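Colleague: Let me give you the structure first, and then I'll get to my questions.
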Amino acid sequence: MTVHSISHKQDVLDQRHLRHALGRFATGVTVVTTRTRDGKLEALTANSFAAVSLEPPLVLWSLGSNAPSLLGFQEAGCFVVNVLSAAQHHLSRHFATRAENKFANLAYAAGLAGCPILLDALASFQCSTENTIVAGDHVVFIGRVHSAAYRDGEPLIFSAGQYCSHAPLESAD
């Protein structure tokens with residue numbers, strides 16, 4: 001087994017090395033959506049989603065400070081986190097690329113304040129923005145969950161720079 005290591009020296013850490021190390025933490029894949037004040041639909045693929053609290057019900061995700069959709073998400077005051085299934089990997093790629101209208105020819109339902117809910121997502125969390133925190137080169141959005149829905153299915157997982165799906169481990173019982 002090869003171990004790749006690098007030390008943090010004088011506030012300089014190789015970003016590529018850090019990205020590879022972070023990539024060893026497998027995550028689910030989400031598409032976060034909103035409807036801006038002027039009615040424009042915004043969306044992006046994110047794997048930074050996490051639960052924060054059950055009481056009150058809070059979740060978080062982060063967006064790069066230079067993202068074109070940042071202002072829209074900040075001003076909207078609400079968003080929906082759509083957890084993708086393995087069969088929806090094409091949606092992950094679709095929402096990860098820049099486009100003027102990412103919802104053209106795409107069916108969706110309207111959620112809280114008109115935020116898009118992707119059809120057939122494994123789960124969706126309709127949230128109002130509780131707080132935002134600037135952290136490094138990202139803005140962390142903390143959302144209060146007003147509604148959550150889920151269904152059974154195979155989750156889309158991202159690990160070591162690629163999409164994958166899970167395989168249950170044999171029980172040691």
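Colleague: If contacts are Cα pairs under 8 angstrom and at least 6 residues apart, what is the relative contact order of the chain in percent? If you can, show how the numbers build up before the last one.
Modeller: Details: 333 pairs, mean separation 44.4, N = 173.
In percent, rounded to a whole number, it is 26.
Colleague: While we're looking at this one, here's another question. Would you mind listing how long the chain runs along its three principal axes, going by Cα atoms, in whole Å with the largest first?
Modeller: Reported extents, whole Å, longest axis first: 51, 47, 36.
Colleague: Based on the mean of other beta carbon atoms within 10 Å per residue, what is the order of 106-119, 25-38, most packed first? Before the final figure, lay out the partial values.
Modeller: On the way: 106-119: 17.5, 25-38: 19.5.
Taking the mean over residues of other Cβ atoms within 10 Å, the ranking is 25-38, 106-119.
Colleague: Just the number, please: Stokes-Einstein D of region 72-173 in µm²/s, Kirkwood Rh from C-alpha pairs, 4 °C, 1.567 mPa s.
Modeller: Details: Rh = 15.6 Å.
So the translational diffusion coefficient is about 83 µm²/s.
Colleague: Here is a follow-up. Taking the Cα centre of region 28-161 as origin, work out the dipole magnitude from +1 charges on Lys and Arg Cβ and -1 charges on Asp and Glu Cβ, in debye rounded to 20.
Modeller: On the way: 8 positive and 10 negative charges, 44 e Å.
Using Cβ point charges on Lys, Arg, Asp and Glu, region 28-161 gives about 200 debye.
Colleague: If you average the C-alpha positions of region 126-155 and of region 14-28 separately, how far apart do those two centres end up, in angstrom?
Modeller: 21 Å
Colleague: Right, something else. Can you compute the FRET efficiency between Val140 and Asn105 using 1/(1 + (r/R0)^6), with r the Cβ-Cβ distance and R0 = 30 Å? Round to the nearest 0.05. Kindly include the intermediate steps, with their values, before the conclusion.
Modeller: Numbers: r = 32 Å, r/R0 = 1.07.
Plugging the Cβ-Cβ distance into 1/(1 + (r/R0)^6) gives 0.40.
Colleague: In whole Å, what is the distance between the alpha-carbon centres of region 58-78 and region 88-107?
Modeller: So the separation of the two Cα centres works out to 17 Å.
Colleague: Something else about it: Find the relative contact order for region 84-173 and round it to a whole percent, using C-alpha pairs within less than 8 Å whose residues are 6+ positions apart. Kindly include the intermediate steps, with their values, before the conclusion.
Modeller: Details: 107 pairs, mean separation 25.1, N = 90.
Averaging sequence separation for qualifying contacts and normalising by length gives 28 percent for region 84-173.
Colleague: Here is a follow-up. Does region 75-122 classify as rounded, prolate or oblate by the C-alpha gyration tensor (a ≥ b ≥ c root eigenvalues; a/c under 1.5 gives rounded; else a/b over b/c gives prolate, otherwise oblate)?
Modeller: In terms of gyration-tensor shape, oblate.
Colleague: Still on this model: Given Asn101, Gln162, Ala121, which one lies farthest toward the positive end of the charge dipole of the chain, if we put +1 on the Cβ of every Lys and Arg and -1 on the Cβ of every Asp and Glu?
Modeller: Result: Asn101, furthest along the dipole toward the positive end.
None of the figures in this text is laboratory data; all of them are computed from the coordinates on show. Note that the structure is predicted; figures quoted are calculated from it, not measured. Cβ: placed from backbone, ideal geometry, glycine included. Neighbour counts: every protein chain shown.
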